[in-house]
1. Taking Cα centroids, how far is segment A:220-251 from segment A:48-84 in Å?
2. Let me know the mean shielding of A:220-230 by other chains, meaning the per-residue number of their Cβ atoms within 10 Å of its Cβ.
3. From the P(r) of chain B, could you give the percentage of C-alpha pairs in the tail past 25 Å?
4. Enumerate the residues in segment A:174-188 having an amide nitrogen under 13 Å from the point lying 7 Å beyond the Cα of A:Glu101 toward its Cβ.
5. Let me confirm one metric for peptide A:58-64, namely the mean number of other chain beta-carbon atoms within 10 Å of its residues' beta-carbons.
6. Which aspartates and glutamates have a Cα lying under 13 Å from the Cα of B:Lys64, excluding residues fewer than 8 positions away in the same chain?
7. Give me the lysines in straight-line cross-link reach of B:Lys2: C-alpha distance below 30 Å, same-chain residues under 8 apart excluded.
8. For B:Lys96, go through the aspartates and glutamates and keep the ones whose alpha-carbon is under 15 Å away, minus same-chain ones fewer than eight residues off.
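A short reminder: the numbers here are calculations on the coordinates, not readings from a lab. Source: prediction; values computed, not measured. Counting neighbours? That spans all protein chains shown, and the Cβs are built from the backbone with ideal geometry, glycine included.
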Amino acid sequence: MKKKYAAAVLLSALLMLNSCAANNSDNSNANVTDDIKNSGSVFAMDTYMTITAYGQNGKKGIEAAQKEITRLEKLWSVTDENSEIYSIDHSGGSEVPISAETEELLNFAIDMHRQTKGALDITLYPVLRAWGFTTGKYRVPDDSEISALLECKGVERISVVNGNASVPENTEIDLGAVAKGCAGDAAAKALKEQGVTSALLDLGGNIQTIGDAKPDGTKWKVGIRDPFGEGSIGTLTVGECAVITSGGYERFFEQDGVIYKHILDPETGRPADSGLASVTVIGSEGRLCDALSTSLYVMGLDDACAYWRNSEDLEMILISDEGGVYVTEGIAEDFSPNVENVTVIER
Amino acid sequence: MKARTVCIIITLVILCTAAVWCGYVMRPKSGKTAVISQNGKVLYRIDLSSEKDRTIEVTYEGRKNTIEINGGRIHMKCADCPDHICVDTGWLEDGKPIVCLPNRLVIEYENGDIDGTAR
């Protein structure tokens, strides 16, 4: 009897150990091939960027992405005297040869200007500078100064023809509203070319993912920053996409009790006052999400909803100045809010 | 007698395995680990739940940043940079790293619950 009992215990113990051992070896295999997590960072485009890539190709993927971002910054920086954009801005109106990538991005920005009925304007740089948002030396320009500077803006003044671009004297291009998103697309492409199938890019708060899931099979969890305080207003669960937020809270200053935010309305040359505190755009293309997060913020809630109803493969999370959260129906189920006043926008 | 010995040994083995397994499952989650890095290189990895209050000085090209840890929180106390954005950021929060661009210095939480924060 005792022997039988002992044999039973021995057998079950062996089985237990066996199954444990089997599990362990499975896990360690997974570790070797998929679960390796590499991260890298870049200081570029006036911000701090991090890249996290899973799998054995992660390291070389990150290196390729870092190179790509640094290369594009050199083309598009508005302050670097060797950049193509700087050359266009300071050529006194004459034509400057540009790369195919710059030409494509300029044409995209010009097209987005039309599509957003002027809410996206890449020629506002002189006005932005007058407010001090480019340097941190903030001031409130007077009406006559603003109207004089607005005379010089105008996307229609940009000429892009056969690899050459020019703007009239005193007009200046700044790709700040689209460059980070476009760099994200290029960095994602570079990672994929190195065989990376699961990665997350955080380009100064612009989130872009590669792959519909992490190696453990779970989707990406992206927090949406609370424009009024600490932490996030909720978490969005996504597959491969770009999640890009614009909000007045990113950069602002206060003078005589008035708060001036850094996103300017191209029509008035003053901080946009559309009733929105932040706009998050979710889509497949970083440059489109980047351009729209800024321009939908300028448009306001009603016009942003109208724009969304006329477009496809695009989702949004809008937060009003009163703290209301508006989520488009396509992602409503993937969004878990930390707040209560959430409205679903329907088609 | 022999069977009994085997039995005891096996029971002990099972108990030991269970104890190790329990320890593994219930190990304290490394929740609030702050990482201080400069130009992408990790300088400090600090478990804020157990770290005592202190300040850390980091220099970059002759410019100095002073980081303060106080009551399990961490922030940039002062910095020799022109814009002071890092100091104005305040105490470190999830999903919002403290960045001193001119001095290439970053303070951030290690493994948060989420993969990133759109901001």
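1. 22
2. On the way: counts 3, 6, 6, 11, 4, 6, 4, 1, 0, 1, 6.
Counting Cβ atoms of other protein chains within 10 Å of each residue's Cβ and averaging gives 4.
3. Details: 2865 of 7021 pairs.
More than 25 Å apart: 41 percent of the Cα pairs in chain B.
4. A:179-188
5. On the way: counts 0, 0, 0, 0, 0, 0, 0.
The mean count of partner-chain Cβ atoms within 10 Å per residue comes to 0.
6. Answer for B:Lys64, where 13 Å is the Cα cut-off: B:Asp80, listed by chain and number.
7. Reachable lysines: A:Lys2, A:Lys3, A:Lys4.
8. Cross-link targets: A:Asp202, A:Asp226, A:Glu230, A:Glu250, B:Asp88, B:Glu108, B:Glu110, B:Asp113, B:Asp115.
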